[in-house]
Amino acid sequence: MADILPGDFPTKAELYKPVINAIKELGGSGTNIEIYNTVKKNLNLSFDPEEYRHLGSSTQSELFYRIAWVKTDLKSKGLITNSIRGVWALNKM
């Protein structure tokens with residue numbers, strides 16, 4: 001596992017649009033892992049994000065952690081919901 005994130009590691013702010021696009025691509029809703037895998041695929045990163053664990057976690061990648069916070073922020077803004085644990089859906093606008 002690597003300790004230092006690559007310079008092109010996406011920031012939380014850079015993940016809002018990819019998360020929304022991933023949910024759209026999944027038909028308007030998706031599980032945590034479906035959203036993560038879709039975002040990871042669409043970002044086309046030059047490195048494997050699984051090599052970078054969130055500080056203090058032996059299992060959760062930094063990218064998964066950041067995507068989780070983006071989903072929480074999007075929920076607080078009323079853009080997505082998670083009426084079922086682990087499943088996120090776009091709100092109708």
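The values are calculated or read from the model by the stated rules, or taken from the named source; none is laboratory data. Treat the numbers as computed from the prediction; the structure is a model and nothing was measured. Positions of Cβ are generated from backbone atoms using ideal geometry, with glycine treated the same way; all protein chains shown enter the neighbour counts. The area values use the complete protein model at the heavy-atom level, side chains included, leaving out ligands, DNA and RNA. Shrake-Rupley method; radii C 1.70, N 1.55, O 1.52, S 1.80 Å.
A few points about this structure:
- Test: Ala22 is outside any strand (DSSP E or B), of a type outside the set (Val, Ile, Thr), surrounded by 12 or more Cβ atoms within 10 Å (Cβ to Cβ) and touching a Lys or Arg at 6+ places or on another chain (Cβ under 9 Å): yes
- Odd one out for Gly86 among (1) open to solvent by less than 50 Å² (accessible area, probe 1.4 Å); (2) out of contact with any Ser or Thr (no Cβ under 8 Å at 6 or more places or on another chain): (2)
- Scope segment 46-68; condition within 13 Å of Ile35 (Cα to Cα) and not β-branched (Val, Ile, Thr); matching residues: Leu63, Phe64, Tyr65, Arg66, Ala68
- Candidates are the residues of segment 29-64 that are under 11 Å from the mean Cα position of the chain (by Cα) and of a type in the set (A, V, I, L, M, F, W, C); the one that is nearest to Pro6 (Cα to Cα) is Leu63.
- Residues in segment 48-72 that are free of Cβ contacts under 8 Å to residues at least 12 places away in the same chain and among the small types (Gly, Ala, Ser) were compared, and the one that is most open to solvent (accessible area, probe 1.4 Å) is Ser58.
- Evaluated against (1) open to solvent by 40 Å² or more (accessible area, probe 1.4 Å); (2) at pLDDT below 95; (3) not charged (D, E, K, R), Ile33 falls short on exactly one condition, (2).
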